[in-house]
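So the structure is just underneath, and the comments pick up after that.
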Amino acid sequence: MKVSIIIPVYNERNLLAQVLERVLAAPLPEGCDREVIVVDDGSTDGTADVVARFAARPEVHACRSETNHGKGSAIRLGITHATGDFILVQDGDLEYDPRDYVRLLEPLVTRRAAVVYGSRFPGGARGMKFANRLANRLLTLAANLLYQARITDEATAYKAFRADILKSLPLTCRRFEFCPEVTAKVRRLGHRIVEIPISYNARGVVDGKKIRWHDGVVALWTLIKCRFAPLAVKPGA
């Protein structure tokens with residue numbers, strides 16, 4: 001079995017090499033190989049040079065947008081290049097620990113689940129600011145009320161899927177609304193979301209964190225909008 005690890009990046013020159021080393025060294029469930037798909041979303045700070053160095057490795061595939069479109073667009077581009085049985089999304093910073101891959105992927109490999117989220121809150125979500133914690137709670141509450149998701153962390157970046165399910169979703173996200181859109185659509189299709197506790201080390205704006213308060217408003221609107229909009233899987237999926 002193969003795991004496609006999609007890493008959307010934008011101006012992460014200072015951290016990306018560390019992230020990629022950790023991703024490439026992280027243990028996987030027995031019988032799994034990896035491909036790492038790095039999507040440079042129009043970086044201007046030298047990130048492309050870091051990506052080019054790692055793209056020389058056979059398990060790393062690099063693609064690039066000449067202009068910055070947003071995290072959601074980068075993930076969607078990565079999905080089109082993914083050839084694995086499972087797809088896992090990894091941020092291009094050090095907030096999330098790739099050593100959690102085994103636990104995240106185990107429910108997929110053993111066929112206990114088709115969608116797995118890594119929840120930051122059982123471990124306390126170390127360093128998360130009150131405003132971010134509140135926004136996450138509100139988004140999770142909305143997902144549970146609107147979709148009976150029964151989850152504790154809707155906005156987690158660690159999301160893993162059976163590839164055929166993720167590829168079947170008609171995603172339109174451009175920025176950070178990937179999380180609410182994919183949550184809404186997998187639940188609309190009846191897929192249960194299994195949560196696994198993960199470690200987390202929050203970073204702030206000065207460290208390069210790009211999400212802002214208005215992205216939370218867009219996320220909430222996305223959850224509401226997707227609840228009532230028509231939904232169809234992609235043709236041939």
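The values are calculated or read from the model by the stated rules, or taken from the named source; none is laboratory data. Only a predicted model underlies this, so the values are computations on that prediction, with no experimental measurement involved. Cβ atoms come from the backbone with ideal geometry, glycine included; neighbour counts cover every protein chain shown. Side chains are part of the model used for accessible areas, which takes the heavy atoms of the whole protein and leaves out ligands, DNA and RNA. Shrake-Rupley method; radii C 1.70, N 1.55, O 1.52, S 1.80 Å.
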Q.
Within region 175-205, take every residue that is in a loop (DSSP other than H, G, I, E, B) and more than 20 Å from residue 121 (Cβ to Cβ) and give me the one that is most open to solvent (accessible area, probe 1.4 Å).
A. 175
Q. Quick one: in region 27-45, which of the residues that are within 18 Å of the chain's Cα centre (by Cα) and within 24 Å of residue 72 (Cβ to Cβ) is surrounded by the most Cβ atoms within 10 Å (Cβ to Cβ)?
A. 38
(Q) Cβ contacts < 9 Å: first residue more than 22 Å from residue 175 (Cα to Cα) and of a type outside the set (A, V, I, L, M, F, W, C), restricted to region 9-21; second residue modelled with pLDDT of 95 or more and surrounded by fewer than 24 Cβ atoms within 10 Å (Cβ to Cβ), any location; separation 6+ or different chain. Result? (A) 21/54
Q: Consider only pairs whose beta carbons are under 6 Å apart and that are at least six residues apart or on different chains; among these, list those whose first residue lies in region 190-218 and is at pLDDT 90 or above and whose second residue is part of a helix (DSSP H, G or I).
A: 194/107; 196/103; 196/104; 198/100
Q) assigned to a helix (DSSP H, G or I), more than 30 Å from residue 124 (Cβ to Cβ) and of a type outside the set (S, T, N, Q), is that true of residue 56? A) no
**Q.** Exclusive hit being open to solvent by less than 50 Å² (accessible area, probe 1.4 Å), modelled with pLDDT under 95 and not in a loop (DSSP other than H, G, I, E, B), set 62, 131, 135, 142
**A.** 135
Q) Taking the condition open to solvent by 10 Å² or more (accessible area, probe 1.4 Å), within 27 Å of residue 127 (Cα to Cα) and among the small types (Gly, Ala, Ser), does residue 48 pass? A) no
Q: Could you please find all residues in region 104-119 being under 16 Å from residue 153 (Cα atoms) and either out of contact with any Ser or Thr (no Cβ under 6 Å at 6 or more places or on another chain) or open to solvent by 60 Å² or more (accessible area, probe 1.4 Å) (or both)?
A: 104, 115, 116
(Q) Name the residue that is farthest from residue 42 (Cα to Cα), counting only residues in region 1-16 that are part of a helix (DSSP H, G or I) and in contact with an Asp or Glu (Cβ under 7 Å, 6 or more places away or on another chain). (A) 15
Q) When both residues are 6+ apart or on different chains and their Cβ atoms are under 7 Å apart, which pairs have a first residue that lies in region 106-126 and is assigned to a strand (DSSP E or B), and a second that is hydroxyl-bearing (Ser, Thr, Tyr)? A) 117/156; 117/158; 118/156; 118/158; 119/152; 119/156
Q) If a residue has to be open to solvent by 10 Å² or more (accessible area, probe 1.4 Å), within 24 Å of residue 170 (Cβ to Cβ) and not in a helix (DSSP H, G or I) to count, how many in region 65-81 make the cut? A) 4
Q: May I ask you to list pairs of residues, at least six apart or on different chains, whose Cβ atoms are under 7 Å apart, with the first in region 45-65 being within 17 Å of residue 35 (Cα to Cα) and the second being open to solvent by less than 60 Å² (accessible area, probe 1.4 Å) and part of a loop (DSSP other than H, G, I, E, B)?
A: 62/55
Q: Pick out the one residue from 50, 19, 23 that is part of a helix (DSSP H, G or I) and over 19 Å from the mean Cα position of the chain (by Cα).
A: 50
